[in-house]
1. Determine ³J(HN,Hα), in whole Hz, for all residues of the stretch 99-105 in sequence, where each value follows from phi through the Karplus function 6.51 cos²θ - 1.76 cosθ + 1.60 and θ = phi - 60°; x replaces Gly and Pro.
2. Work out, step by step, the length gained on full extension between Gln117 and Lys35: first 0.36 nm times the residue separation, then minus their alpha carbon distance; give nm to one decimal.
3. Please list 31-37, 18-24 highest first by mean number of surrounding beta-carbon atoms within 10 Å per residue.
4. Step through the residues of the stretch 15-24 one at a time and calculate ³J(HN,Hα) from phi using the Karplus curve (6.51 cos²θ - 1.76 cosθ + 1.60, θ = phi - 60°), rounding each to whole Hz and writing x for Gly and Pro.
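None of the figures in this text is laboratory data; all of them are computed from the coordinates on show. Quick caveat: nothing in here was measured; it's all calculated off a predicted structure. Cβ placement follows ideal geometry from the backbone for every residue including glycine, while neighbour counts extend to all protein chains displayed.
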Amino acid sequence: MALNRRTVRDFSYTGDVWPLIESWAAQTGFVELDKSSIRRLYRKGGGLLMAPAFLEIRHEGGRVVLEAWVKADFFLILSVLAGQKPETAIESGGLTAALPRKRAREAINELLSRLGQQPIA
């Protein structure tokens, strides 16, 4: 069974979501990498011992789309050698990047809670 490459949540949100997200990022150690009026890209981690987690958020027309993934640890590099993309979703289950996925899931579940959404299992 192949892992999903990214975890995606799509939901309605009224109001300005960016101040809430920026506050969450500062509290959880996610660093903004890219920014536009409707999109932000964040990263957490990226040292030799922990694969980095990424979160892309788009907010336009009352819709919010979150995409979260972990990129390239040893197991993911093996997947690349097998011809797969070097990223995986953050849902629980499986050994591939288990600790980085768990850390990302816990932080992003905190954001989803602040946005009134169900957590990622």
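1. Those phi angles translate into 5, x, 5, 5, 4, 5, 4 Hz.
2. Working: separation 82, 0.36 × 82 = 29.52 nm, distance 2.31 nm.
Fully extending the segment from Gln117 to Lys35 adds 27.2 nm.
3. Details: 31-37: 11.0, 18-24: 15.1.
Top of the packing list down: 18-24, 31-37.
4. Result, rounded to whole Hz: x, 8, 7, 5, x, 5, 5, 5, 5, 4.
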